[in-house]
Every structure is written in C-alpha cells, then in structure tokens.
Amino acid sequence: MTCKRLLLVGMLGLIWQSSGFGQDTIVQFNEAQFRDRVFACWLGKNIGGTLGMPFEGDPAARNISFYTHLKPGEPAANDDLDLQLLWLKALEENNGRVDARILGEYWLKFIPVNWNEYGVGKRNMKLGILPPVSGAFDNERWKHSNGAWIRTEIWACLAPGCPGLAARMAREDACVDHGQAEGTMAAIFVAAIESAAFVESDRDKLIAIGLSMIPEDCQVALAVKAAQEAYRSQKDWKTARADIIKTTESTGWFQAPRNIGYVVLGWLYGEGDFGKSICMAVNCGDDTDCTGATLGSILGIIGGSKGIPARWKDPIGLAIRNCAISGFEAPADINILTDRTVAMARKVMALNKLPVGLTPGPANLSRAGELTLIDTQVARQLWALSPWKVVWMDPSVRVILDYQKEPYITANQPRQVQITMNSVTDTPKTVTVRLEGMPAGWKVSNLPEKAVTLEPEGSSIKINLDFLSAEPDPGYNQMMLLINVDQRRIRVPLTLVCKDTPGPDDLALAANGALARSDGELDREPGCTPRAIDGIIATAEDFSNRWHSSLDTPHPHWIEVKLPEPETVGRMIIRFADPQGYPTRFEAQARLADGTTKTLFSVNNNENSQVYRASFKPVQIDTVRLIIHSSANPAYPNASQISELELYSPKP
C-alpha cells in the first residue's frame with residue numbers, strides 16, 4: 001500500500017480521510033531520528049529567516065556570507081514560522097483534522113496583520129466569501145505572491161514520505177489567500193519536496209518530485225527549470241539569477257515564481273553546503289527572509305541537526321519570536337514546537353493509516369521505494385480544483401457552494417449559484433434549505449419549498465439557485481444558507497458582489513463642480529488632492545490615483561469636498577487606496593447650509609481596507625471634511641490615503 005490513494009472526496013475538501021490510505025506500515029522512522037529532522041527543519045527555518053530578514057523586499061543582489069543584523073540568541077520574528085504555529089494549534093483543537101474553512105476561521109481569530117494577500121483573504125472572509133474564493137476574488141496583485149509556500153513545513157512534517165498528502169494539505173492552506181494561482185502552486189511544490197525529503201536526499205530527485213506536482217507550464221515550474229538549465233550550462237549564479245528574472249517577468253517582483261527560482265538557485269549553486277546555499281538564495285534579493293528560511297528548512301530535513309554547522313546554529317539559539325499572530329500562547333522555542341509537531345505527526349499517521357510510522361527501535365526504510373513519491377493522478381486532481389467552489393464539511397453531509405465564476409451579480413441578469421449536498425454517512429437524512437438575508441428586491445428561483453431526503457453515502461442533492469436583482473446594492477450583498485440536516489443546522493455564508501463605481505449622481509464629483517482641499521500632500525505627489533473626487537477608483541494593483549497626506553506632520557489629517565451649492569446629502573462613500581495603509585479611525589464633519597458644523601459619523605475601529613459606507617439623517621450640506629486620526633500601516637504611521645470621496649442624496 002502507498003500514499004497514492006487520496007480519495008476523490010478528499011480532493012473536494014476533506015483532507016483527512018481515514019480509509020483513504022494504506023493499512024500497512026511499510027516505512028518506520030526511528031522516533032529520535034525523526035524528531036531530530038523535524039527539529040532541524042524548524043531550526044533551519046529560523047536561521048534562514050534571520051539571515052534574510054534585513055533585506056526583505058529589496059530586489060538588489062548582494063554578497064553576504066553570514067548574519068548581518070543578529071543579536072546573539074535573538075532570531076528574527078518571521079510570519080513564515082508564525083502561521084505554522086497557529087496551524088499546529090488548529091490541528092490540536094480539531095483532533096488533527098483541518099481544511100481551508102477551518103484554517104480561515106483561525107486566520108480571522110488569531111492573525112491581526114493585513115499584509116498583501118493576508119489582508120485580501122481576511123477581508124473577503126469577513127464579508128462572507130469563504131476559501132478558496134477568499135484567495136481568488138479581487139486578489140489579482142497578490143494571489144501569485146509568497147504568503148503560502150513559506151508556511152508548508154508543518155504539512156511536510158505531518159506527512160513525511162507522503163508528498164501527495166502534504167501537497168493536498170498545503171493546497172487547503174494556500175487557497176485561503178491565494179485561490180488556485182501561482183502562490184498555491186508554489187506551496188504544493190515546496191510541500192511535496194519537504195515531505196519527500198524525509199525518505200529521499202538526492203537534490204535533483206527532490207526537485208523532480210516537486211515539479212511533478214505542479215503544471216509544467218506554470219510560472220513556478222518555468223522559474224525552477226530556468227535555474228536548473230543555468231546550472232547545467234555552468235553559468236555563474238548571477239547569470240542564473242538574471243535568467244530567472246527574465247523568465248518571471250509576467251509575475252515580477254515579490255511573487256512566488258521568482259522567489260521559488262531563487263530557492264532552487266541557492267540549493268543548486270550551494271552544492272550541499274548549508275551556509276553557502278542559504279546565503280546564495282538570500283543574495284538573489286527580493287523576498288529574502290522567505291527564500292533563506294525555506295531552503296534552510298529543506299536542508300534541515302535532509303541532513304538533520306548534524307547537517308547544520310555550529311557557526312550557524314549557536315549564535316541564533318532556540319527561541320521563537322512572533323510578529324503576525326496574537327491571542328494564544330504559541331510555542332516559545334524550537335524544542336517545544338518540535339515535540340508538539342512530532343505528537344501531531346503521530347496522530348495524523350494513525351488517523352489516516354499512513355504507510356509510514358514511528359518506532360522507538362531501529363529505523364526501517366528498506367521498503368521506501370514502494371512509497372509513491374511521484375503521483376501524477378493526485379497532481380492532476382489538485383490542478384483541477386476550482387477556485388470558485390466552497391466546501392463545507394459536516395459530520396453528516398458535505399455542502400459544496402459553487403459560484404462557478406467570480407461572485408459578481410449584475411442588475412437584471414440571472415446569476416446562478418449551484419449547491420450540492422453529498423451524504424457522508426450510511427443513513428438517509430431529511431434536509432431543508434432556506435436562504436436568510438436576501439436583499440430587498442431580489443428574487444431567487446429553485447429554492448426547495450419542502451424538506452427533501454438525502455439518501456445514504458454516495459448520494460447527492462443538487463440545487464441551482466438563480467438570483468435576479470433589478471438594482472443590487474453596490475458592494476457585498478451578504479446572505480446565509482441555512483441547511484437543516486435532521487436536527488443539525490449548518491450555516492454557510494453566500495455573498496454576491498455588485499461592481500461598485502461612482503455614479504453620475506455623485507455630488508462630490510469634480511465633473512459636477514465640486515472642489516477638493518486638504519491639509520497637505522505627499523511631497524512627491526504634489527497636486528494629488530483633486531484625485532479624490534475625479535471618479536477614478538484606485539485598484540489593488542495600482543493605487544496611485546489617490547490623495548496622499550504629507551508624511552511630515554502627524555495625524556490627524558483632513559481632506560474636504562466643497563459642493564458648488566448646498567445639497568441634501570444622506571450617504572457618503574469613502575474609498576481607500578493602499579490596502580495596507582487604510583484609515584482605521586476617522587470622522588466626517590459637515591458645514592451646513594446655515595454655516596454651523598455637524599459631525600455626520602465617527603468610526604473607531606475600521607477593518608475594511610477597501611471602502612467605508614455611511615448613511616445618516618439627511619442634512620443640507622455645503623462642505624464635508626473627512627478627518628483621519630489613525631491608519632493601519634505602522635511603518636508609515638502619519639500616512640493618510642483616500643482614493644475617492646463620494647456624496648449622495650438619501651435613497652428615496
């Protein structure tokens with residue numbers, strides 16, 4: 001028996017399926033040796049991350065050969081490791097079984113940061129768009145980035161020698177903030193390598209295993225092949241780096257393909273030397289803490305603690321520092337993390353009846369050749385997973401919410417969402433389906449009016465919900481599917497989005513005669529204040545169409561709109577620019593037609609990085625001033641940015 005047989009049910013959302021793997025244990029790891037390799041994995045992660053952290057985001061090549069900013073015994077805090085501490089907590093609290101939805105819940109509870117794709121995924125989930133749609137929707141700029149492949153070691157350590165399972169778990173993790181894009185392919189690639197590294201030490205074979213798990217024409221695969229070809233052609237490492245950059249031009253800087261290429265470059269040109277390898281990866285530049293940390297982990301798994309020279313491990317110590325998680329007690333050092341990882345690995349092996357196990361006696365890898373380290377069937381199943389299908393697992397039924405495409409709805413055009421319920425038990429069940437929170441004026445067809453019977457395991461019920469709206473409210477229209485299975489209630493969020501642009505009835509448009517004024521502007525963007533009323537919304541890919549405050553003065557900053565003549569206003573829309581630096585505390589004050597001033601609303605804890613909508617008692621207004629007291633990006637605490645300010649008459 002092998003690790004090959006991932007059930008199709010697992011590919012649809014249930015990672016852990018106890019009957020999905022072999023009954024026979026054909027590879028036995030010695031407990032102490034396995035622990036040492038897990039320990040070296042985490043130690044290598046800390047070492048490489050600390051080496052690369054000072055240069056994170058800088059695309060320039062460099063020539064370092066050792067730590068440059070190290071305080072003895074103080075490794076750099078690194079989200080690459082932080083998120084895996086949280087996944088371990090999730091596993092422990094869910095009996096070793098997690099999926100994208102469960103991981104998404106932990107994202108919202110315990111990850112306070114909103115960096116890049118992290119912020120996009122969190123925003124979407126808060127608005128009722130669950131994984132994998134949370135990572136695919138409105139995430140064009142960051143879905144190919146680095147946030148997922150940097151947090152794969154936990155999955156490899158739980159499925160050593162079973163790269164198919166490790167890749168599947170990595171996909172469930174990655175899709176939360178990357179959908180089914182290059183960022184997810186990179187996570188599958190790295191997880192497969194790290195898992196296989198527990199039974200295979202040959203570098204080229206490991207790279208081949210990783211490549212076998214991703215499409216051969218994806219950008220990650222092309223970047224890896226560029227590094228390999230340069231090495232085979234005996235090009236120097238800087239030329240190899242240039243080849244990788246050229247190959248990844250379409251995705252570019254700070255994205256997964258280029259940085260995976262740098263990891264492989266370091267591995268190839270380091271030629272087995274731990275320090276030389278991680279320095280080579282970091283010297284390529286770009287997301288340097290990630291490249292160094294991931295390569296350090298791979299080499300740690302292969303060589304164990306003996307493979308990491310004392311000059312690299314002694315200065316750094318065993319402590320773990322955090323920067324991206326909060327609200328729970330995380331493992332304080334690598335020994336604690338290792339022991340908890342090994343305990344969870346033992347549980348996962350038993351739950352899934354894996355063909356690998358732990359023994360206090362001598363290791364037995366004589367049958368390791370029977371493990372399926374390259375499995376094109378599993379790989380193709382992973383590639384075929386849709387970024388628009390939400391899978392909600394319940395002990396009695398699996399619910400699949402298929403948006404079929406981006407979750408947009410357009411006025412007067414039918415919008416279909418498909419609901420499939422699959423039985424996962426051997427008894428029939430009575431099922432009712434209701435929809436809660438449908439906006440006024442909307443209609444939905446094909447919602448069952450009566451209870452239906454879901455037959456035993458293997459049967460399914462499929463419902464095509466057809467939505468129709470004459471005038472959908474702009475933005476996110478959040479609803480809830482209420483599914484009762486016998487006496488058990490399942491609540492599945494369903495959100496449809498109306499594309500939102502300033503309308504011609506926006507009273508604050510410059511085209512309608514409005515004028516904008518502010519307390520100051522960024523020195524390199526003089527004259528940017530009018531952009532806040534030009535009707536052009538900044539995007540996540542390009543948020544340069546904005547008003548940006550001066551950085552020379554602290555909060556509060558303000559920007560105001562003067563109408564050509566007093567108007568009765570009842571609604572205000574504030575669209576933000578940089579998704580990392582949106583306002584968190586702000587208020588709107590109006591100068592009324594009679595010359596007095598009135599506060600329209602105030603916000604103390606805004607978490608929406610895109611837009612804030614306010615409705616208030618209609619009032620006749622001459623000028624509205626937005627006063628910003630704080631913003632989300634601690635790196636630029638004095639920055640305020642607004643893409644568009646809009647004012648509207650109250651709805652009739």
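Just to check I understand the Karplus step: with θ = phi - 60° and J = 6.51 cos²θ - 1.76 cosθ + 1.60, what whole-Hz values come out for the range 454-467, glycine and proline as x?
9, 6, x, 2, x, 8, 8, 10, 10, 10, 9, 7, 10, 8
Given a Förster radius of 45 Å and the C-beta distance between Ala350 and Asp542 as r, what FRET efficiency does 1/(1 + (r/R0)^6) yield to the nearest 0.05?
On the way: r = 50 Å, r/R0 = 1.12.
The calculated FRET efficiency here is 0.35.
May I ask you to derive the relative contact order of the range 241-389, considering only C-alpha pairs under 8 Å and at least 6 residues apart, and to give it as an integer percent?
Details: 95 pairs, mean separation 16.6, N = 149.
Relative contact order here is 11 percent.
Using every alpha carbon pair in the range 455-561, what percent of pairs falls into each 10 Å bin from 0 up to the bin containing the largest distance?
Reading upward from the zero bin: 11, 26, 22, 16, 13, 9, 3.
Give the span of the range 227-348's Cα atoms along each principal axis, as three whole-Å numbers ordered largest to smallest.
Projected onto the principal axes, the Cα atoms of the range 227-348 cover 45, 33, 31 Å.
Sorting check: for 290-301, 417-428, 437-448, which peptide has the highest mean count of neighbouring beta carbons within 10 Å, and how do the rest follow? Don't skip to the end; give the middle numbers.
Details: 290-301: 30.9, 417-428: 16.8, 437-448: 13.2.
Packing order, densest peptide first, comes out as 290-301, 417-428, 437-448.
Once each part is reduced to its C-alpha centroid, what is the distance from the range 379-419 to the range 500-541 in angstrom?
37
Starting from 0.36 nm per residue, how many nanometres of slack lie between Ala319 and Asn604 once their C-alpha separation is accounted for? Mind dumping the intermediate values first?
Working: separation 285, 0.36 × 285 = 102.60 nm, distance 3.58 nm.
Extending this stretch completely gives an extra 99.0 nm.
Please turn the phi angles of the range 560-569 into ³J(HN,Hα) values with the Karplus equation 6.51 cos²θ - 1.76 cosθ + 1.60 (θ = phi - 60°), one per residue in order, whole Hz, x for glycine and proline.
These are the phi-based 3J(HN,Hα) values: 9, 10, 9, 7, x, 7, x, 9, 7, 10 Hz.
Against the longest alpha carbon principal axis of the chain, how many degrees, from 0 to 90 and to the nearest 10, is the axis of helix 163-178 turned?
So the helix axis and the longest Cα principal axis differ by about 10 degrees.
When only alpha-carbon atoms count, how far does the range 76-160 stretch along each of its three principal axes, as whole angstroms with the largest first?
Reported extents, whole Å, longest axis first: 34, 29, 23.
Rounded to the nearest whole Å³, what is the per residue volume of the convex hull around the Cα atoms of the range 53-119?
Working: hull volume 9.4 nm³, N = 67.
Enclosed volume per residue, from the Cα hull, is 141 Å³.
Would you mind listing how long the range 357-446 runs along its three principal axes, going by Cα atoms, in whole Å with the largest first?
Projected onto the principal axes, the Cα atoms of the range 357-446 cover 69, 32, 21 Å.
For the range 371-433, which whole percent of the accessible surface, found with a 1.4 angstrom probe, sits on carbon and sulfur atoms? Spell out each step's value before the answer.
Working: 1320 of 2630 Å².
It is 50 percent, rounded to a whole number.
Treating the beta-carbon of each Lys and Arg as +1 and of each Asp and Glu as -1, no other charges, what is the dipole magnitude of the chain about its Cα centre, to the nearest 20 debye? Let's see the in-between values first.
Working: 66 positive and 75 negative charges, 241 e Å.
The dipole magnitude comes to about 1160 debye.
Can you tell me the Rg and Dmax of the range 134-210, counting just the alpha carbons, in angstroms?
Rg then Dmax for the range 134-210, in Å: 12.3, 40.
What order, most packed first, do the peptides 405-416, 78-89, 93-104, 466-477 have when packing is the mean number of other Cβ atoms within 10 Å of each residue?
Details: 405-416: 14.0, 78-89: 23.4, 93-104: 18.8, 466-477: 17.3.
Taking the mean over residues of other Cβ atoms within 10 Å, the ranking is 78-89, 93-104, 466-477, 405-416.
Can you give me the Rg/Rh ratio for the range 204-256, using Cα atoms for both radii and the Kirkwood formula for Rh?
Values: Rg = 11.1 Å, Rh = 11.5 Å.
That ratio is 0.97, to two decimals.
Report relative contact order for the chain in percent, whole number only (criteria: Cα-Cα under 8 Å, sequence separation at least 6).
Details: 1562 pairs, mean separation 100.0, N = 652.
Relative contact order comes out at 15 percent.
Per 5 Å bin from zero, what fraction in whole % of the C-alpha pairs of the range 553-623 is there, up to the bin with the longest pair?
3, 14, 25, 24, 16, 11, 5, 0
Could you give the alpha-carbon Rg of the range 409-458 over 2.2 N^0.38 Å, rounded to two decimals? Intermediate values should be presented prior to the final figure.
Details: Rg = 14.4 Å, N = 50, 2.2 N^0.38 = 9.7 Å.
Dividing the Cα Rg of the range 409-458 by 2.2 N^0.38 Å gives 1.48.
Between Asp466 and Gln377, what FRET efficiency comes out of the Förster formula 1/(1 + (r/R0)^6) with R0 = 22 Å and r the beta carbon distance, rounded to 0.05? Write out the running numbers ahead of the final one.
Working: r = 35 Å, r/R0 = 1.61.
Taking R0 as 22 Å, the efficiency between Gln377 and Asp466 is 0.05.
With the contact rule set at Cα under 8 Å and sequence spacing of 6 or more, what percent relative contact order holds for the range 539-635? Mind showing how you got there, number by number?
Working: 185 pairs, mean separation 38.9, N = 97.
Worked out over the range 539-635, it gives 40 percent.
Roughly how tilted is helix 31-52, in degrees to the nearest 10 and between 0 and 90, from the longest Cα axis of the chain?
Rounded to the nearest ten degrees, it is 50.
Rounded, prolate or oblate: which one fits the chain, using the alpha carbon gyration tensor with axes a ≥ b ≥ c (rounded when a/c is under 1.5, else prolate when a/b beats b/c, else oblate)?
On the way: a/c = 2.26, a/b = 1.36, b/c = 1.66.
Note, shape of the chain comes out oblate.
Suppose every Lys and Arg Cβ carries +1 and every Asp and Glu Cβ carries -1, with no other charges. What dipole size does the range 125-198 come out with about its Cα centre, to the nearest 20 debye? Don't skip to the end; give the middle numbers.
Numbers: 6 positive and 8 negative charges, 16 e Å.
Computed charge dipole of the range 125-198: roughly 80 debye.
What full-extension length gain, to one decimal in nm, is calculated for Asp505 and Thr410 as 0.36 nm per residue of separation minus the Cα-Cα distance? Intermediate results must be reported in sequence, preceding the final value.
Details: separation 95, 0.36 × 95 = 34.20 nm, distance 1.91 nm.
The Asp505-Thr410 span can extend by a further 32.3 nm.
Using protein chains only and a probe of 1.4 angstrom, how many square angstrom of Leu268 are accessible, to the nearest 10?
Spelled out: Leu268, probe radius 1.4 Å, area about 0 Å².
Between Asp273 and Ala451, what is 0.36 nm times their sequence separation minus the Cα-Cα distance? Round to one decimal in nm. Intermediate values should be presented prior to the final figure.
On the way: separation 178, 0.36 × 178 = 64.08 nm, distance 6.51 nm.
Roughly 57.6 nm would be gained on extension.
On C-alpha positions alone, give me the angle between the axis of helix 274-283 and the longest principal axis of the chain, in degrees, nearest 10.
Computed tilt is about 20 degrees.
So, taking all protein chains as they sit and a 1.4 Å probe, how much accessible area belongs to Trp388, in Å² rounded to tens?
Near enough 50 Å² of accessible area.
Which of the peptides 478-488, 205-215, 340-350, 134-144 is most tightly packed, and how do the rest follow, going by the mean number of other Cβ atoms within 10 Å of each residue? Please report the intermediate quantities before stating the final value.
Values: 478-488: 16.2, 205-215: 21.5, 340-350: 18.5, 134-144: 24.5.
Taking the mean over residues of other Cβ atoms within 10 Å, the ranking is 134-144, 205-215, 340-350, 478-488.
Per the helix-only calculation at 222 nm, which mean residue ellipticity applies to the chain, given -39500 (n - 2.57) for every DSSP H run of n ≥ 4 and division by its residues, nearest 500 deg cm²/dmol? List each step's numbers first, then the result.
Details: 18 runs with 211 residues, N = 652.
Calculated from helices alone, the mean residue ellipticity at 222 nm is -10000 deg cm²/dmol.
Among the listed pairs Lys71/Lys276; Lys306/Lys347; Lys347/Lys462; Lys499/Lys562, which are separated by more than 25 Å between their Cα atoms? Write down the numbers at each step before the final one.
Numbers: Lys71/Lys276 21 Å; Lys306/Lys347 27 Å; Lys347/Lys462 35 Å; Lys499/Lys562 27 Å.
Lys306/Lys347; Lys347/Lys462; Lys499/Lys562, as the Cα separations exceed 25 Å there.
Output needed: percent of Cα pairs per 5 Å distance bin for the range 139-298, bins running from 0 to the one holding the longest distance.
P(r) over the range 139-298, rounded to whole percents: 2, 11, 21, 25, 23, 13, 5, 1.
If I take R0 = 22 Å and measure r between the Cβ atoms of Arg62 and Lys246 in this structure, what FRET efficiency does the formula 1/(1 + (r/R0)^6) give, to the nearest 0.05? Could you put the intermediate results ahead of the total?
Details: r = 20 Å, r/R0 = 0.90.
E between Arg62 and Lys246, to the nearest 0.05, is 0.65.
The values are calculated or read from the model by the stated rules, or taken from the named source; none is laboratory data. Owing to the predicted nature of the structure, the values given are computational and were not obtained by experimental measurement. For neighbour counting, all protein chains shown are included, and Cβ atoms are generated from backbone atoms with ideal geometry for every residue, glycine included. Surface accessibility is based on the protein's heavy atoms, side chains included, excluding ligands, DNA and RNA. Shrake-Rupley method; radii C 1.70, N 1.55, O 1.52, S 1.80 Å.
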